[in-house]
Amino acid sequence: MKTLSPLALKRGLWLLAVVLAILFIYGIEKAGLKPISLLEAALLAMTPLALTAVGECVNEKSGVVNIGLEGILLITSVTGVVGAEFFENGVLGLLVGALTGALIGFLFGIVSVYGRADQTVAGMGINIFALGFVPYLLMSIWAFPGIHLFPRELMVRPIFTFFGRLSPVAVAAIITAVLAHILLHRTVLGFRIRAAGEKPEAADVAGVRVDLIRIFASTLGGALCGLGGAFMPLAWFGGVVKEISAGRGFIALACVVFSGLEPLLALAAAFIFGFAEGFAYSVAVTPGVKEVIPFYFVNMLPYITTLLVVTLAIGRRRFPAASGRPYARE
Amino acid sequence: MKRSGILIRARPLMESLVTIIIGLLAGALFMIPFGYKPLVAYPALFRGAFGSIPDTLETLAFATPLMLTAVTFAIGVKTGLFNIGAEGQMYLGAIGATAIAGVIHLPPGVHVAVATAFAMLVGALWALPPALLKIWRGVHEVISTIMFNWIATHLSMYIAIYYLAQPGRAERTVPALPSARYPILTEEATLTAVIFVVLAFCIGIYIYLWGTKAGYELRLVGENPEAARYAGVSSRRAVLLSFIIGGLAAGLAGASQIIGRPPAWSLYATLGNVITLGFDGIGVALIGRNHPIGGIFAAILYGALQHGGRYMEYHAGVSSELVRAINGLIVVSLAVPEIGAIIRRRLKR
């Protein structure tokens with residue numbers, strides 16, 4: 001590996017990916033799966049990962065690392081459904097989810113910036129909190145610990161396109177990634193966000209309010225994560241359970257690591273993982289396969305893919321110098 | 001001078017207590033919107049946890065596995081790692097214990113020992129891949145351990161249902177044979193002799209970390225990687241050891257719920273009787289200040305919240321899951337060093 005230049009290695013990997021993709025599509029056609037429906041499933045599975053990962057890219061660029069994304073996804077999936085039932089409107093439910101996420105992100109920003117918290121520990125605290133708070137909410141609101149199904153009318157309707165069904169949230173996720181890219185690389189605010197993460201002392205001297213920038217980034221990251229959380233029940237599953245996020249917050253973190261904090265690469269990574277998940281479910285319900293391979297192994301596929309990708313594809317990417325470190329004026 | 005010395009030593013304890021109070025207060029805030037009464041719920045919780053001797057023993061039974069999963073996280077922190085893989089390692093430990101205790105016939109005494117040792121071995125083996133990924137490829141342990149947790153969830157359910165299921169009772173595995181069970185200490189609680197093994201393990205880890213050269217090296221890598229490198233300490237070896245010891249602890253935690261916890265003596269196919277013990281251990285470790293002995297006391301405290309939580313659920317209608325939410329809030333508060341500083345400033349006045 002060491003003798004290959006990075007560029008050649010990169011090209012080789014792209015070529016390999018394209019060849020594998022072609023072989024793969026040919027293979028699934030032969031196996032009787034529909035590539036279109038597989039793409040639909042992949043885009044659905046991609047959406048929460050992409051929103052979460054893109055938000056976290058912006059957040060980490062500013063120097064705040066939130067590993068509590070899993071917890072935010074869990075909590076907002078419930079508050080999203082509560083909002084949708086309260087307003088009797090699925091789209092408003094998504095909004096409630098995003099606002100809840102923004103609130104958690106905001107509080108996390110406050111704790112990180114002014115409390116100078118150990119961000120890894122605080123983020124894990126959010127995850128543990130959600131592990132208890134979500135079943136507590138399910139019991140307190142609906143008095144039932146299992147799955148809560150809401151009326152079908154509250155589902156956010158997909159757009160019917162030439163290629164098949166497409167969720168508007170999936171489109172929003174792709175647009176968000178592009179916007180985040182423009183924000184980070186083409187705007188003054190983006191420059192300040194990057195400065196806050198790279199050299200907070202210098203940014204401070206230049207008149208940038210590092211504290212406000214970081215809290216803004218953390219709030220934005222939380223809001224996008226919350227949209228992804230509310231998306232899962234309201235535009236995908238049609239119900240909510242206490243383990244609905246199933247590790248997606250951490251898979252999104254893997255996307256962020258893979259991307260080196262570039263939103264567009266994070267989107268690509270989210271698509272890879274979404275594809276793996278969509279593929280797993282498509283395979284799991286295929287007659288002839290489901291009898292041979294136990295469901296349990298199919299369920300492992302997204303996690304194995306994540307491990308493979310983080311192991312093989314990343315070298316050591318460079319992260320902002322002040323990533324995860326609190327900054328305070330002396 | 002002496003007095004301030006005591007104050008400094010008591011400081012972490014004070015901080016832990018303050019964060020616990022913050023957690024409980026925030027928990028009360030979450031009760032109010034749903035019409036629950038904190039002043040009914042919390043007294044019920046504490047009565048449930050320590051109201052009688054059997055209740056106190058039950059609290060200890062709840063605390064037993066948490067002492068171990070806390071060690072898994074704490075020894076990771078001591079080596080500069082954020083190892084949150086106890087959950088999956090514990091599942092596999094439970095599977096390992098079930099396989100030996102429920103299927104294989106061995107003489108009494110030997111059977112318990114072999115089942116325990118095998119569970120620990122399986123737990124350590126499950127900790128190995130994240131350790132190697134960290135050492136070879138620099139894969140961050142937060143991501144790798146969580147992925148292995150989820151793989152362990154599905155793998156354990158698969159093994160439990162396909163290979164270890166009790167005939168006629170699909171909801172759980174074959175129970176541990178009587179020869180493989182730790183003796184019950186009292187008929188009034190689910191506490192068994194496994195707690196002595198667990199306490200010995202925790203004390204052993206303490207002696208290892210603070211009394212041996214290998215333990216010193218392990219801590220040095222966590223505290224000051226630069227100094228460790230100059231001293232010729234292999235950080236790879238320390239990371240590997242830290243993961244393996246963490247896996248042994250988590251495996252034992254899994255075993256303790258199978259061969260050391262009546263009345264089931266088996267693993268539920270939903271993993272219901274072990275689920276979240278690994279994540280709870282993270283909070284316990286942090287409350288116990290990432291110290292194996294501190295973890296014992298923190299585990300008793302959290303065990304009390306868990307056992308008392310069931311009582312609270314019965315008498316005040318508040319779902320006992322709130323206890324886990326409170327644990328999360330305690331962890332968030334513990335992450336904030338300023339909390340300690342703010343309190344010290346107030347105390348000085």
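The values are calculated or read from the model by the stated rules, or taken from the named source; none is laboratory data. In this text, all values refer to a predicted model and were calculated from it rather than measured experimentally. Every residue, glycine among them, receives a Cβ derived from its backbone with ideal geometry; neighbour counts consider all protein chains shown.
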_Name the single residue that is farthest from the other protein chains (Cβ to nearest Cβ) among those in segment A:123-146 being over 15 Å from A:Thr76 (Cα atoms) and crowded, with 24+ Cβ neighbours inside 10 Å._
A:Gly123
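Determine, yes or no, whether B:Gly260 is touching a Phe, Trp or Tyr at 6+ places or on another chain (Cβ under 7 Å), under 30 Å from B:Gly102 (Cβ atoms), crowded, with 23+ Cβ neighbours inside 10 Å and at pLDDT 90 or above.
On the way: touching a Phe, Trp or Tyr at 6+ places or on another chain (Cβ under 7 Å): yes; under 30 Å from B:Gly102 (Cβ atoms): yes; crowded, with 23+ Cβ neighbours inside 10 Å: yes; at pLDDT 90 or above: yes.
Yes, satisfied.
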*Close pairs (9 angstrom Cβ cut-off, 6 or more residues apart or separate chains): more than 7 Å from every other protein chain (Cβ to nearest Cβ) and free of Cβ contacts under 8 Å to residues at least 60 places away in the same chain in segment B:319-331, among the acidic types (Asp, Glu) and assigned to a helix (DSSP H, G or I) anywhere*: B:Ser320/B:Glu313
*Could you please find all residues in segment A:103-118 being surrounded by fewer than 24 Cβ atoms within 10 Å (Cβ to Cβ), more than 7 Å from chain B (Cβ to nearest Cβ) and not β-branched (Val, Ile, Thr)?*
A:Leu103, A:Phe106, A:Leu107, A:Tyr114
*State all residues of segment A:241-253 that are at pLDDT 90 or above and either crowded, with 24+ Cβ neighbours inside 10 Å or not in a loop (DSSP other than H, G, I, E, B) (or both); if no residue qualifies, say none.*
A:Arg248, A:Gly249, A:Phe250, A:Ile251, A:Ala252, A:Leu253
*What single numbered condition from (1) within 14 Å of chain B (Cβ to nearest Cβ); (2) surrounded by fewer than 18 Cβ atoms within 10 Å (Cβ to Cβ); (3) aliphatic (A, V, I, L, M) fails to hold for A:Ala202?*
(1)
*asked:* Please go through segment B:125-165 and give me each residue that is in a loop (DSSP other than H, G, I, E, B), within 9 Å of another protein chain (Cβ to nearest Cβ) and not aliphatic (A, V, I, L, M), ordered by number.
replied: B:Gly138, B:His140
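Within segment B:83-104, does at least one residue satisfy the condition of being outside any helix (DSSP H, G or I), aliphatic (A, V, I, L, M), within 14 Å of chain A (Cβ to nearest Cβ) and in contact with a Leu (Cβ under 6 Å, 6 or more places away or on another chain)? So that I can check it myself, show each step before the final result.
Just the residues of segment B:83-104 that are outside any helix (DSSP H, G or I), to begin with: B:83-85, B:104.
Narrowing the set further to residues that are aliphatic (A, V, I, L, M) leaves B:84, B:104.
Next, from what is left, pick out any that are within 14 Å of chain A (Cβ to nearest Cβ): B:84.
Keeping just the survivors that are in contact with a Leu (Cβ under 6 Å, 6 or more places away or on another chain) gives none.
Checking segment B:83-104: not a single residue is outside any helix (DSSP H, G or I), aliphatic (A, V, I, L, M), within 14 Å of chain A (Cβ to nearest Cβ) and in contact with a Leu (Cβ under 6 Å, 6 or more places away or on another chain).
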*Mind listing whichever residues of segment B:133-172 are in contact with a Phe, Trp or Tyr (Cβ under 9 Å, 6 or more places away or on another chain) and either among the basic types (Lys, Arg) or free of Cβ contacts under 8 Å to residues at least 60 places away in the same chain (or both)?*
B:Lys134, B:His140, B:Ile143, B:Met147, B:His154, B:Tyr158, B:Tyr162, B:Arg172
*Can you name the number of the only condition in (1) assigned to a loop (DSSP other than H, G, I, E, B); (2) more than 11 Å from chain B (Cβ to nearest Cβ); (3) at pLDDT 85 or above that A:Ala321 fails?*
(3)
*What are the pairs, 6+ residues apart or on separate chains, where a residue within segment A:252-278 that is closer than 16 Å to A:Thr305 by Cβ has its Cβ under 6 Å from a residue that is at pLDDT below 90 and part of a loop (DSSP other than H, G, I, E, B)?*
A:Phe258/A:Ile314
*asked:* Looking at segment B:144-183 only, could you name the residues that are touching a helix residue (DSSP H, G or I) at 6+ places or on another chain (Cβ under 7 Å) and among the aromatic types (Phe, Trp, Tyr)?
replied: B:Phe148, B:Trp150, B:Tyr158, B:Tyr182
*Tally of residues being within 11 Å of chain A (Cβ to nearest Cβ), under 19 Å from B:Ala200 (Cα atoms) and either surrounded by fewer than 22 Cβ atoms within 10 Å (Cβ to Cβ) or of a type in the set (Val, Ile, Thr) (or both) across segment B:271-306*: 2
*asked:* Residue pairs, Cβ under 8 Å, 6 or more apart or interchain, first in segment A:225-244 and free of Cβ contacts under 8 Å to residues at least 24 places away in the same chain, second assigned to a loop (DSSP other than H, G, I, E, B). List them.
replied: A:Phe237/A:Ile244
